[in-house]
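Let me begin by presenting the structure, written as structure tokens, before commenting on it.
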Amino acid sequence: MRLNAPNGIVWLLALILAALAIISQFVGIPVIGDFVKKYDFWFMTAAYGLLFLGTLFRGM
């Protein structure tokens, strides 16, 4: 199996999702804080899943 580096946009989106999940544990985010705090596990899972798919498939 040959793995590829994820696209820059995919990597940046995964980084933003993961950062939102981590930051919401320590401080309140003004606009979407309650939603992120409630679903922080799924935000982090989506970030790692997006990185996994970006690594697995070429051109993503």
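What follows draws every value from the coordinates through simple rules; no lab data is involved. Owing to the predicted nature of the structure, the values given are computational and were not obtained by experimental measurement. Positions of Cβ are backbone-derived with ideal geometry, glycine not excepted, and every protein chain shown enters the neighbour counts.
Key figures
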read-out: Some residue of segment 2-16 being in contact (Cβ under 8 Å) with a residue 24 or more places away in the chain and touching a Lys or Arg at 6+ places or on another chain (Cβ under 6 Å); value: yes
read-out: Scan of segment 1-18 for residues that are in a helix (DSSP H, G or I) and surrounded by 13 or more Cβ atoms within 10 Å (Cβ to Cβ), ordered by number; value: 10, 11, 13, 14, 15, 17, 18
read-out: One residue from 9, 32, 16 being of a type in the set (Val, Ile, Thr) and more than 27 Å from residue 58 (Cα to Cα); value: 32
read-out: Complete set of residues in segment 37-47 that are in a helix (DSSP H, G or I) and surrounded by 13 or more Cβ atoms within 10 Å (Cβ to Cβ); value: 37, 40, 42, 43, 44, 45, 46, 47
read-out: Of the criteria (1) surrounded by 14 or more Cβ atoms within 10 Å (Cβ to Cβ); (2) outside any helix (DSSP H, G or I), which one residue 24 fails; value: (2)
read-out: Matching option when the condition is on the phi > 0 side of the Ramachandran plot and either of a type in the set (Gly, Ala, Ser) or in contact with a helix residue (DSSP H, G or I) (Cβ under 8 Å, 6 or more places away or on another chain) (or both), among 59, 49, 28, 54; value: 59
read-out: Residue check for residue 29: of a type outside the set (Lys, Arg) and assigned to a helix (DSSP H, G or I); value: no
